[in-house]
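Asks: I'd like to ask you about the structure that follows.
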Amino acid sequence: APHLRHYPPRAWPMLALTWYLLGPLLAAGRDDFPARRTGLGSTRVAAGVVAQWARWARSRDYLFDVAHGLDTRRYARLALPLLSYAFDDDAYAPPAAVEALLRHYPAARIERRQVPRPARGAIGHFGFFREACAETLWRESADWLRQQADGRASHARSA
C-alpha cells in the first residue's frame, strides 16, 4: 500500500516525484516504462501498469479507494491461509506499507515472514522472482503451499 504515510519522511520527496510526475509523464504514449534507464526499477513493466500504479499510489487507500471503481469487497472475505513475505532491503514496501495492505484481508489467516537483508547480494522488491531465490524462498513457499494443501485435504477427509 504505497501511500506516502507508510514511508519514512525522508522518502517522501522521491515518492512524490515518482507518483505525481515521473510515473505519469514517462508512461504517457509508451508501451514500456523506461524503468532501467531512469533508475526506477530493474524489471520491464508495461507503461499502462505504471500509470495505473501511480494513480493508486496517490490514493490514501491504494487500489481499495472507491474512486478507482474496483470491486475489492471480496478481499475482506478471503478466509484462506495467506503467506506474506517482507524484505528488509525492500525500499518499495516498508513494514507499514505491508501491514496497510494486509489489513484488507481481515478474514485471512496471515503468516508473516520478514526476510533479513542478505549478507551478499540483494532481494529488494523484485528479487523474490529471480532464480537466486529458487533454493531458499521458492522452496520455502512451495513447502508452505504443500502444507496448506495437505491440511485442507486432511480436514476435508475428517469432515
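The values are calculated or read from the model by the stated rules, or taken from the named source; none is laboratory data. Every value quoted in this text rests on a predicted model; they were computed, and no experiment measured them. Reconstructed Cβ throughout: ideal geometry from the backbone, glycine too, with neighbour counts over all protein chains shown. These area figures cover heavy atoms from the full protein model, side chains too; ligands, DNA and RNA do not enter into them. Shrake-Rupley method; radii C 1.70, N 1.55, O 1.52, S 1.80 Å.
Asks: Using a 1.4 angstrom probe with every protein chain in place, what is the largest-first accessible-area order of 72, 43, 136?
Replies: Details: 72 25, 43 55, 136 85 Å².
From most accessible down to least: 136, 43, 72.
Asks: Work out the FRET efficiency for residue 43 and residue 150 from their Cβ-Cβ distance, taking R0 = 30 Å, and round it to the nearest 0.05.
Replies: 0.35
Asks: Still on this model: For the chain, with all protein chains present and a 1.4 Å probe, just round the carbon and sulfur fraction of the accessible area to a whole percent.
Replies: Carbon-and-sulfur percentage of accessible area, whole number: 57.
Asks: So with the 1.4 Å probe, I'd like the accessible area per residue for the chain, rounded to whole Å².
Replies: On the way: 10480 Å² over 159 residues.
Per-residue accessible area for the chain comes out at 66 Å².
Asks: Still on this structure, please answer the following. Around residue 45, which amide H atoms from residues at least 5 apart in sequence, or from another chain, sit under 5 Å from its own amide H, with H modelled in the peptide plane?
Replies: 33, 35
Asks: Which whole-Hz ³J(HN,Hα) couplings does the stretch 100-105 yield from phi under the Karplus relation 6.51 cos²θ - 1.76 cosθ + 1.60, θ = phi - 60°, glycine and proline marked x?
Replies: After applying 6.51 cos²θ - 1.76 cosθ + 1.60, I find 4, 5, 5, 4, 7, 10 Hz.
Asks: A follow-up question, please. What value does the stretch 75-151 have for Rg/Rh, both radii from Cα atoms and Rh as Kirkwood defines it?
Replies: 0.99
Asks: Starting from a Cα-only point model with no solvent, please compute log10 I(q)/I(0) by Debye for the chain at q = 0.11, 0.13 1/Å.
Replies: Ignoring solvent entirely, the Cα scatterers give -0.56, -0.77.
Asks: Calculate how steeply helix 139-158 sits against the longest principal axis of the alpha-carbon atoms of the chain, using the helix alpha-carbon long axis, and give the answer as 0 to 90 degrees to the nearest 10.
Replies: Around 40 degrees separate the two axes.
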